[in-house]
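Trainee: Sharing a structure below in structure tokens format, with a few things to ask.
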Amino acid sequence: MDPDDAAEERPGLAARLREAGNADDAAVARARAHKAGLAERMRAMVADGGVEPVAAVADLGTTTSRADVAPVEPEVATFAQRLRGGKAAPAALFERAAQAPARNESPSDSARAPAGVPRAQPPPARVQPAATTRMVRWFLGREEQTAGEGPVTPIPPLEAGWEQVDFYDLDPPFSFVRIVRQSDNGQLRYEAIEPVLSEREQRTFEFVQDALVRGLNIDPGPMKPEQREGYLLGAVRQILKDYRIRLDTREQLRVEYYLRRDFLGLGTIHSVMVDPRIEDISCDGAAEPLFIFHREHESIPSNIRFRSDGELDAFVIRLAQRSGKAISISDPILDAALPDGSRLQATLGREVTQNGSTFTIRRFKPDPFTPLDLVRFGTMSIDMLTWFWLTVEAGQSLIFSGGTASGKTTGLNAIAQFIPPQAKVVSIEDTREVNLPHHNWIKAVTRSGSTSEGTGEIGMFDLLKASLRQRPEYILVGEVRGIEATVAFQAMATGHTVYSTMHADSARSVVYRLENDPINVPRLVLQALDIIAIQAQVRYKGKRVRRVKEIVELVGMDPSTKEILTNTVFKWDAANDTFEMGARSYLIDDIASDRNWSKARMAEEQANRRRVLQWMIDQGYRDVREITAVVQAYYRDPASVLQRIAASPAAPGAKA
């Protein structure tokens with residue numbers, strides 16, 4: 001039900017929110033005084049037993065971080081020796097290799113790019129003399145490795161009726177991306193271009209893959225990414241050497257690419273997982289192409305698809321294993337995080353989805369969007385960012401609210417980069433999305449139960465209670481949707497700064513959700529919230545963009561009328577794509593009062609911080625570490641930062 005409609009059904013609810021500008025000065029004064037004394041009243045109620053204090057939690061233990069693993073020493077035994085000593089007889093491997101063409105024969109012109117891991121043909125019952133000769137010629141060639149001819153990955157020609165819109169590299173010279181458009185209806189398609197293996201390369205790929213599965217005897221988990229790739233490529237080349245498999249340089253590069261893709265990456269979807277312009281990946285079943293959400297071209301189908309339900313089922317199980325979770329027919333729904341931090345939601349089989357297994361991946365950005373990025377994108381204005389900088393430093397609690405994919409968590413993560421460097425931060429999430437440059441930061445993530453009854457489950461409510469024993473100054477809650485909101489608001493009311501997100505499209509909707517089931521935050525405690533920022537995904541000039549629609553201050557509750565007084569500080573003008581600033585900010589007035597600043601001193605401070613932000617934009621600062629370093633330097637010594645800005649040359653195109 002829409003909150004406004006529900007308000008009409010409940011008399012008096014709509015009147016409980018009133019703009020401070022529409023109230024008389026006495027009502028505003030009463031509301032602000034009532035809010036100012038909230039912390040003392042809450043502490044007194046806890047001391048008197050009127051409010052149940054947060055229960056102590058048991059020691060959750062500590063996690064010891066692993067030290068950097070030293071580079072892996074070369075193995076004493078070769079792959080061939082280990083395979084011969086194993087349970088599986090190597091004869092089957094030699095019989096399969098006997099089917100490979102001779103070196104002086106031309107590879108077949110027919111080629112295919114494996115969508116996943118192709119199945120090898122069964123070996124013949126016995127090796128014929130001619131096949132033995134071919135096997136020996138393949139394994140015992142002694143000429144030097146040649147470079148080969150042609151590119152590693154030839155770019156296929158455009159299909160009839162399609163035109164190229166965009167083209168860029170992913171992992172040159174191996175993989176590329178081409179965006180094409182159908183001429184008659186304008187439909188876009190994402191084409192992942194990868195090497196095409198000849199029949200000989202395909203057989204070599206299968207042989208080496210089988211040898212790796214049988215011969216690798218090391219856990220790659222503790223290794224760094226560069227160590228994993230180096231170890232894998234070293235193992236591949238050792239196999240080629242042990243079995244004297246002769247490939248030219250380009251053939252070897254193509255085979256190594258698919259082995260890297262399948263062992264270290266995510267196989268079929270590797271290209272879209274390494275494309276920095278992809279936000280979401282969606283598979284709706286084996287019969288449908290993979291859909292991706294591109295930062296520039298939005299939601300479009302791709303040329304990637306799974307060939308059968310069985311192949312897709314196996315891939316979903318593999319995703320679950322990579323996430324450290326399990327998925328099965330008895331428990332066919334999975335919410336997890338991939339090793340790179342991306343969010344995974346998957347279903348298995350046709351138990352809950354009619355088209356078979358599905359998965360959706362929301363990509364995790366290792367270098368998070370900065371506050372300056374949000375200004376560049378037009379999501380916020382620089383004045384809005386200056387206001388946020390002051391309120392974050394002052395410890396005002398806020399909720400970012402909006403619809404799905406409106407950028408709530410991105411906005412929260414960007415604004416949290418203004419948290420003072422010495423402050424202790426605790427983040428609590430179902431799936432880790434917050435990414436901060438702070439060192440004094442505890443990253444807490446929920447845990448699902450080990451049984452169907454939920455034994456061992458640790459939810460956000462448990463983590464939030466535990467966080468209050470960790471003496472945090474800032475608590476970041478991924479999303480409030482249930483009973484954990486009560487603890488979050490108690491934390492706000494007793495002096496902690498809490499940032500969170502919520503699904504609601506207006507300040508009125510936020511208040512309605514917080515005051516009703518299943519959250520049920522009392523109105524007395526609700527006024528502990530200081531800021532509500534409403535974010536939305538909208539269309540502007542034919543493009544889908546994200547904008548902060550409004551920022552609302554909760555001035556306080558009038559004790560005589562029980563109304564919560566609000567003040568809109570910023571509002572987005574959809575016609576001109578600009579942000580209008582209100583005449584007054586009560587939070588800025590409170591900050592000035594706490595610091596014993598006059599209005600002129602506060603205006604000067606806002607101008608200085610705006611100048612710092614504009615200077616970083618003009619200088620092209622994009623790395624989160626560089627921006628955080630400037631912000632931290634300003635906290636320590638504002639005068640030196642302003643002197644540095646005054647002495648630096650103006651960037652080309654910089655604003656005066």
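The values are calculated or read from the model by the stated rules, or taken from the named source; none is laboratory data. Remember, predicted model here, so these are calculated numbers, not experimental data. Virtual Cβ from ideal backbone geometry, glycine too; neighbours counted across all protein chains shown. SASA here: full protein model, heavy atoms, side chains in, ligands and nucleic acids out. Shrake-Rupley method; radii C 1.70, N 1.55, O 1.52, S 1.80 Å.
Trainee: So, in the range 538-548, of the ones that are at pLDDT below 95 and not β-branched (V, I, T), which residue ends up most open to solvent (accessible area, probe 1.4 Å)? Steps first, answer last, please.
Mentor: Of the range 538-548, the ones at pLDDT below 95 are 538-546.
Add one more test, that the residue is not β-branched (V, I, T), and what stays is 539-544, 546.
Working: R539: 139, Y540: 54, K541: 172, G542: 61, K543: 133, R544: 100, R546: 69 Å².
Filtering first and then ranking leaves K541.
Trainee: Say whether the condition of being free of Cβ contacts under 8 Å to residues at least 60 places away in the same chain and at positive phi is met by at least one residue in the range 591-607.
Mentor: yes
Trainee: Also, I was wondering about something else. Check every one of the strands (runs of 3 or more DSSP E) wholly within the range 267-367 and list those with 3 or more residues that are more than 20 Å from the chain's Cα centre (by Cα), without any contact (Cβ under 8 Å) to a residue 40 or more places away in the chain and within 17 Å of F176 (Cα to Cα).
Mentor: none
Trainee: Also, I was wondering about something else. Quick one: what pairs do we get from the range 516-527, first residue under 17 Å from E563 (Cα atoms), second open to solvent by less than 30 Å² (accessible area, probe 1.4 Å) and of a type in the set (F, W, Y), C-beta under 7 Å, 6+ apart or different chains?
Mentor: V521/F489; V525/F489; L526/F489
Trainee: Exactly one condition in (1) modelled with pLDDT under 85; (2) farther than 22 Å from G265 by Cβ; (3) in contact with an Asp or Glu (Cβ under 7 Å, 6 or more places away or on another chain) is not met by V180; state its number.
Mentor: Here V180 meets the rest and fails (1).
Trainee: Filter the range 370-406 for residues that are open to solvent by 10 Å² or more (accessible area, probe 1.4 Å), under 27 Å from A485 (Cα atoms) and of a type outside the set (S, T, N, Q) and give the result.
Mentor: E393, A394, G395, G403, A405
Trainee: Now, a different point. Quick one: would you say F306 is among the aromatic types (F, W, Y) and modelled with pLDDT of 90 or more?
Mentor: yes
Trainee: Looking only at the range 573-580, decide whether some residue is more than 29 Å from the chain's Cα centre (by Cα) and buried (at least 16 other Cβ atoms within 10 Å of the Cβ).
Mentor: Scanning the range 573-580, I find no residue that is more than 29 Å from the chain's Cα centre (by Cα) and buried (at least 16 other Cβ atoms within 10 Å of the Cβ), so the answer is no.
Trainee: While we're looking at this one, here's another question. Just give me the residues in the range 419-432 being under 22 Å from G341 (Cβ atoms) and either open to solvent by 60 Å² or more (accessible area, probe 1.4 Å) or more than 19 Å from the chain's Cα centre (by Cα) (or both), in sequence order.
Mentor: I419, V425, D430, R432
Trainee: Additional query: How many of the residues making up the range 158-177 are open to solvent by 30 Å² or more (accessible area, probe 1.4 Å), out of contact with any Phe, Trp or Tyr (no Cβ under 7 Å at 6 or more places or on another chain) and under 19 Å from G265 (Cα atoms)?
Mentor: Adding up the residues that qualify gives 3.
Trainee: Taking the residues in the range 228-265 that are of a type in the set (A, V, I, L, M, F, W, C) and in contact (Cβ under 8 Å) with a residue 60 or more places away in the chain as candidates, determine which candidate is most open to solvent (accessible area, probe 1.4 Å).
Mentor: Restricting to residues being of a type in the set (A, V, I, L, M, F, W, C) and in contact (Cβ under 8 Å) with a residue 60 or more places away in the chain, the top hit is L253.
Trainee: Could you tell me how many of the residues in the range 341-350 are surrounded by fewer than 17 Cβ atoms within 10 Å (Cβ to Cβ) and either under 17 Å from R261 (Cα atoms) or modelled with pLDDT under 90 (or both)?
Mentor: Result for the range 341-350: 1.
Trainee: Taking L412 and the conditions (1) open to solvent by 30 Å² or more (accessible area, probe 1.4 Å); (2) in a helix (DSSP H, G or I), which numbered condition does it fall short on, given that it satisfies the others?
Mentor: (1)
Trainee: Another question, then. Among the residues of the range 212-227, how many are open to solvent by 70 Å² or more (accessible area, probe 1.4 Å) and out of contact with any Leu (no Cβ under 9 Å at 6 or more places or on another chain)?
Mentor: 5
Trainee: Identify all residues within the range 326-340 that are in contact with an Asp or Glu (Cβ under 8 Å, 6 or more places away or on another chain) and surrounded by 15 or more Cβ atoms within 10 Å (Cβ to Cβ); write none if there are none.
Mentor: Answer for the range 326-340, where residues must be in contact with an Asp or Glu (Cβ under 8 Å, 6 or more places away or on another chain) and surrounded by 15 or more Cβ atoms within 10 Å (Cβ to Cβ): just P332.
Trainee: Among the numbered criteria (1) closer than 30 Å to Y512 by Cα; (2) of a type in the set (K, R); (3) assigned to a loop (DSSP other than H, G, I, E, B), which single criterion is violated by R622?
Mentor: If we test R622 against (1) closer than 30 Å to Y512 by Cα; (2) of a type in the set (K, R); (3) assigned to a loop (DSSP other than H, G, I, E, B), just (1) comes out false.
Trainee: Which of the strands (runs of 3 or more DSSP E) found entirely inside the range 435-532 contain at least 2 residues meeting this: open to solvent by 40 Å² or more (accessible area, probe 1.4 Å)?
Mentor: 441-445
Trainee: Now for a separate question. Please go through the range 441-455 and give me each residue that is touching an Asp or Glu at 6+ places or on another chain (Cβ under 7 Å) and modelled with pLDDT under 70, ordered by number.
Mentor: Matches in the range 441-455: G449 only.
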